[in-house]
Structure formats: structure tokens, C-alpha cells
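Encoded as C-alpha cells, the structure appears first; notes follow it.
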Amino acid sequence: MKRLAFASPYCLIDYSSGAAVAVRDGLELLARAGFRCEAFCGARLDFGEEVCLEETLSELGLPWEGRQVAVGPHRMKLLFTRQGRVPITIFRNQSTRRGPTPQEAPAFLAAFGRFLDTTRPDVMLTYGGDRLTDATIRQAHRRRIIAVFALHNLAYRDPAPFRNVDYVTVPSEFAKDYYRQQLGLDCRLVPNVMLPERVKVSDRRPKYLAFVNPQPLKGLFVFARIAERLARRRSDILILIVESRTRARALERTGVDLSWAENLFYMPNTPDPRQFYAVTKVLIMPSVTEESFGLAAAEAMTNGIPVVVSDRGALPETVGEGGIVLDIPARYTVRTTEVPTGEEVEPWVEAIIRLWDDGAFYRQQSDKSLAWSQRWSPERLRPLYVDFLRNVQPQPGPPIVPKLRE
């Protein structure tokens, strides 16, 4: 039986992190396939505000136990929990907004070393490009453990974080090509798996146009104009804004006054995406950043929800024949604070209205979404995950494209 460990200063139970969600689902898939999977992580969350991690674990319904532990000269608090079939050990650093501080790092690494000596994994999976992550990779290598770096965004500009790993995985062909061109990385394609029990809704009551994660890089300023146009022309189309890392009221900072609109509704951040997919009729994802995958789009399609997405990054690849892909003018980027004109978002408005009014077209798009989503099913991806991780071997150097290797 292959033994697999995840390790990172970033907390694996973070439900606001797409990388954490993807890795948790992957670990659960592998555990069900016979791998022995465990995790060691810090308490850093992407919530944007300080929270009590212990309360968060309880709110998630996860059993947990806290213990004061001594490893050599280091004393620390560790939290022990489990999600599905995967036991998780959490180093309880003081701040959930930051990873372990330089003062806490020696204790983190001491506890991680004991974790490795106890669990004796064959493979370590990780993410995060900071020095502490690199130190965990080096600890694993000293024990002849294969290191696999799971890349779930396109934010890396330097190959240094990958100098000590054996493999790098990405969730899309777009991300694979991007990192080959930008950093010379030779990445392995490992698509995200959609576990039905996490995302699949048994009883849908669709009524809203949903926009998830209202922040600029997800197309907040584009969405503001779409919402304004719909509120004026079709106030019967109810719009749901789902908080994630930022508050839904971020819409007010776009400069578009929607205080008069009566068709806008808000849902607070939730660890269970089924709560908003149950009431979503159409999902829009007008991202202005280069997406490495598009998790919300894939989750929606798994429920047969039609999706309308931008043409940025991997989104066209992710939704494929199952979604509607529309252009956003190139001048709108993550640094742009300008709201598009009504004419520029008109194709989005028209697509939404047609999905709302044309029942036959809606059913067609719903069927296409559901059919396309089968590529992320556990049944489809289990052989790929198992084959990759059963056959990894220690590599003589980092995963650099051969002609670029020094």
C-alpha cells in the first residue's frame, strides 16, 4: 500500500482556498483507492480576517482534539482532526491570517519531522512557495521521500520554489503550457476531481443568477455592470452574490450604485457549496485573471447548471462544449478599476436573458454541462490519480524542460 502525506504551512481544512479543496478531494479519492493518506499543516487560512481555528473545526462538524506536545526543546499545540478518510494534524500557530512566524518555524519543522518519522510516507504532496514550504520539502528529501508540488494558480514568477521537488502537477492543459513557457517547468496534468458528496445537490430549486467570490480578479467590476443592466431591464432575474474571501458588499466599491436594485441578494461565506448550487439557475464567472482551472464552474456543471464564463486562462478549456464562453476586452485586468460600458457586457446580458427565457435552450445547456462534467468524476479520474502516484520515482533534478535544464 502506497503511503501519501500532504504537508504545508497552509491549512488543509480551508474551505475558501481552491487549492485546499482540490487537494482534500484528491486525498479522499486516493484513500478510497487504497492509499494511506495523512496530512500535516499549519493553521493559516485565506479568510481575510483572524478566526478561531478550533471554532471553525467545530462549525465544519469535524471531530478534533488539541494537545500540548514537546518535540526536543520545542513546545507547541497540535490539533488532531479527520476529514473523510484522511487524518489531519494541524500545527496551531498563533495567527490564522499568517503562517508560522520565524519564531514558530523551528517548532513547526520539529513537529513535521516527527510526523514524517511516524507516518513514513513514500510521497509528500505540498503547495505554497514560501521558505517554510521549501524547508518541509528538504526534510522529506533527506528521508528519501518523493516530493510532488500541486500548482493550483498561475501566480508563480520564479522557478525557485520548485528546485527541490520531483514533480509538479497542474489541473489544466492551459496551466501546463503556461508554466512550460514562463518558467520552463515540465508539469504533469492531474485534473481536479469533483466528489459528489461535496458538490452534488440532490434537490435543486433553481431561481438565481449566481456570482461567487466577489473580488476584482474574479471580475467584480464586470459583474457590477452586468448586474446594473439586468436590474434595469429584467428585475425579475434574481441575482445571488456569494461571499468568499471578500465581503459581498465589495460591490459598493465599484462605483456602480445598485442601492435601488431590488433583485440583488447575498449569501454569506459557506463551507458547503451545495447551499448555493441548490438555488442557482445560471452561474457566471467573468474572471479578468488567467484562471488555472475554474473550480466554481466545474462544480456548477457537475449539477447540470449552465455556466457563462470569460475567455481568460483555462476557463474555455474547463467548460469546453458544456459552457458559454464570452469575451472581456483585454484592457480589463486584475489592476483595472474601470467598469465596462453597457455595450461591452451586452453579450453577457443577452446570454443570461436567453437562458432565462428559452426553456429548450436552457435544458440543452444544462444537459451539455452535466455531460461535460463527467470528465471530473471519481470513476473517470481514479485510474489517472492511482497510476501517477503509484509510479512516481525519485528524480535526478527539478522538473525542468530538458532543453532548459542547466
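When the Kirkwood radius is taken over all Cα pairs of the range 178-293, what Stokes-Einstein diffusion coefficient follows at 10 °C and 1.306 mPa s, in µm²/s? For the chosen part, D equals 100 µm²/s.
Cα extents for the range 201-376 along the principal axes, largest to smallest and rounded to whole angstrom: 39, 32, 32.
Taking every lysine pair in the chain that is 8 or more places apart or spans two chains, those with Cα atoms closer than 30 Å amount to 16.
With respect to the chain, whose longest principal axis is taken over its alpha-carbon atoms, helix 342-357 is tilted by about 90°.
Which FRET efficiency, nearest 0.05, do GLU54 and ARG131 yield, Cβ-Cβ r, R0 35 Å? Spell out each step's value before the answer.
On the way: r = 27 Å, r/R0 = 0.78.
After rounding, the FRET efficiency stands at 0.80.
The base-10 log of I(q)/I(0) for the range 1-109, evaluated at q = 0.09 Å⁻¹, reads -0.22 [Debye formula, identical scatterers on Cα atoms, solvent excluded]. Give the angle, between 0 and 90 degrees and rounded to the nearest 10, that separates the Cα long axis of helix 173-183 from the longest principal axis of the Cα atoms of the chain. Value to nearest ten degrees: 60.
Available extension along the chain between ASP367 and LEU62 is 106.3 nm, counting 0.36 nm per residue and deducting the alpha carbon span. Hey, got a sec? Which trypsin sites (Lys or Arg not before Pro) in the range 1-110 land in a DSSP loop and have at most 15 other Cβ atoms within 10 Å? Answer in residue order: ARG85, ARG97, ARG98.
Taking amide H as placed 1.01 Å from N in the peptide plane, GLN83 has its amide H under 5 Å from the amide H of ILE88, each at least 5 places away in sequence or on another chain.
Per the Cauchy relation, a quarter of the hull surface: what is the mean projected area of the convex hull of the alpha carbons in the chain, in nm²?
Values: hull surface 79.7 nm².
Mean projected area of the Cα convex hull: 19.9 nm².
Computed 3J(HN,Hα) for the range 226-234, one whole-Hz value per residue from the Karplus formula 6.51 cos²θ - 1.76 cosθ + 1.60 where θ = phi - 60°, is 4, 5, 5, 5, 5, 4, 7, 9, 9, glycine and proline marked x.
What share of the DSSP beta bridges in the chain is antiparallel, in percent to the nearest 5?
Details: 15 of 56 bridges.
Just about 25 percent of them are antiparallel.
May I ask for the percentage of alpha-carbon pairs in the range 301-395 that lie more than 17 Å from each other? Counting every Cα pair in the range 301-395, those more than 17 Å apart make up 63 percent.
The stretch between PHE265 and GLU379 holds 37.4 nm of extra length on full extension. This uses 0.36 nm per residue minus the Cα-Cα distance. With the simple model of a label 7 Å out from the Cα in the direction of the Cβ, HIS141 to ASP357 spans 6.1 nm. The GNM of the chain, with springs linking C-alpha atoms under 10 angstrom apart, assigns the highest mean-square fluctuation among ALA43, ALA155, ALA297 to ALA155.
The numbers here are math on the coordinates, done by the rules we state, and not lab data. Because the structure is predicted, anything quoted here is derived from the model rather than measured. With ideal geometry, Cβ positions are generated from the backbone for all residues, glycine too; neighbour counts draw on all protein chains shown.
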